[in-house]
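The values are calculated or read from the model by the stated rules, or taken from the named source; none is laboratory data. These numbers come from a predicted model, not from an experiment. Counting neighbours? That spans all protein chains shown, and the Cβs are built from the backbone with ideal geometry, glycine included. SASA here: full protein model, heavy atoms, side chains in, ligands and nucleic acids out. Shrake-Rupley method; radii C 1.70, N 1.55, O 1.52, S 1.80 Å.
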Amino acid sequence: MSWVETADGTPAEAARAGTLAGIPRQRGGPAAPRDPAPGTCARRPRIPPRPWRLLPTPAGTPFTFGYAALLTATSLFAAHADPALVSEALRGSSTDIVHLAQAPLLVLVASALWIAGGLTSGYALAFLFTLTALERRIGGLRTAAVFFGGHALATLATELPVGLSVAVGRLPDSSLQRLDYGISFGVMTCIGALAGLLPAWCRLPLLAGAGYVTVTSLIAYTDPMTDWGHLLSLALGLASGPLLRRWRRSGPAPSVARPRAGSAAQPSQISTASPSSAAARRNRRSRS
């Protein structure tokens, strides 16, 4: 066998072996993965349905799971404790004008620890599914910010007009101490926020269902102030859509996996001498 050198001075057999090492084997071994053709999209693996992700878990959705456990405890207390004690606790947590003037932060937080209607309320189920889905998309701290932000803003927007109406004589003084508590404002805000993150085929039915509940309650005119608060909360959640989408896109840059020491080199990691670099090295040798 003749000893022939390539343009860069390496033996031809060694260069051929280095080049062939980067070519996937056709027989006797697994073929290397091929890149998709230009202009085509790689087919994503099909993910089986996972219905358990609809409910909160301690590891996946810690905020929703912990908050749901707390609401369960307060609901059981309201259902089984002494009625006089329960009534006193609910009145102390009410976000009426009197309590908002005395301790606004305390009652805003305390009023969100109770479910109006108990664990069988529709808002209890909406809380579980909505906040779980939202937290899996934007995280626990941001979900808490959306929930309590909508709860506080909608509460102030509905209670402050009551205080002004009492001041000008449009409402009686008894309106200053109305019983107002629950998680419905925060849940409706999270429904609107979640709708802004979902595709259209999920967004439209969700908004249609929430809008139907709100509008029918307004037409019934049983508690118009609370019902207007639900509509305002839903609008606040929808308005937060651009910010939530920016939050969802933000995050640490994906890390590039480095090959482990001692692992076999992949075809994309093997470099071969290009004709231009070989010609440059040959010119430098001829000049010297």
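Some points to look at:
- Within region 132-142, not a single residue is polar (S, T, N, Q) and in contact with an Asp or Glu (Cβ under 7 Å, 6 or more places away or on another chain).
- Listed conditions (1) modelled with pLDDT under 95; (2) open to solvent by 50 Å² or more (accessible area, probe 1.4 Å) are all met by Val109, apart from (1).
- Output for region 189-207, where each listed residue is in a helix (DSSP H, G or I), open to solvent by less than 60 Å² (accessible area, probe 1.4 Å) and more than 24 Å from Leu164 (Cβ to Cβ): Cys190, Ile191, Gly192, Ala193, Leu194, Ala195, Gly196, Leu197, Ala200, Cys202, Leu206, Leu207
- Only one entry in Ala152, Ala103 is of a type in the set (Gly, Ala, Ser) and either in contact with a helix residue (DSSP H, G or I) (Cβ under 6 Å, 6 or more places away or on another chain) or open to solvent by less than 20 Å² (accessible area, probe 1.4 Å) (or both), namely Ala152.
- As a summary of the residue check, Ala265 satisfies the conditions (1) of a type in the set (A, V, I, L, M); (2) surrounded by 14 or more Cβ atoms within 10 Å (Cβ to Cβ); (3) at pLDDT below 90 except for the one numbered (2).
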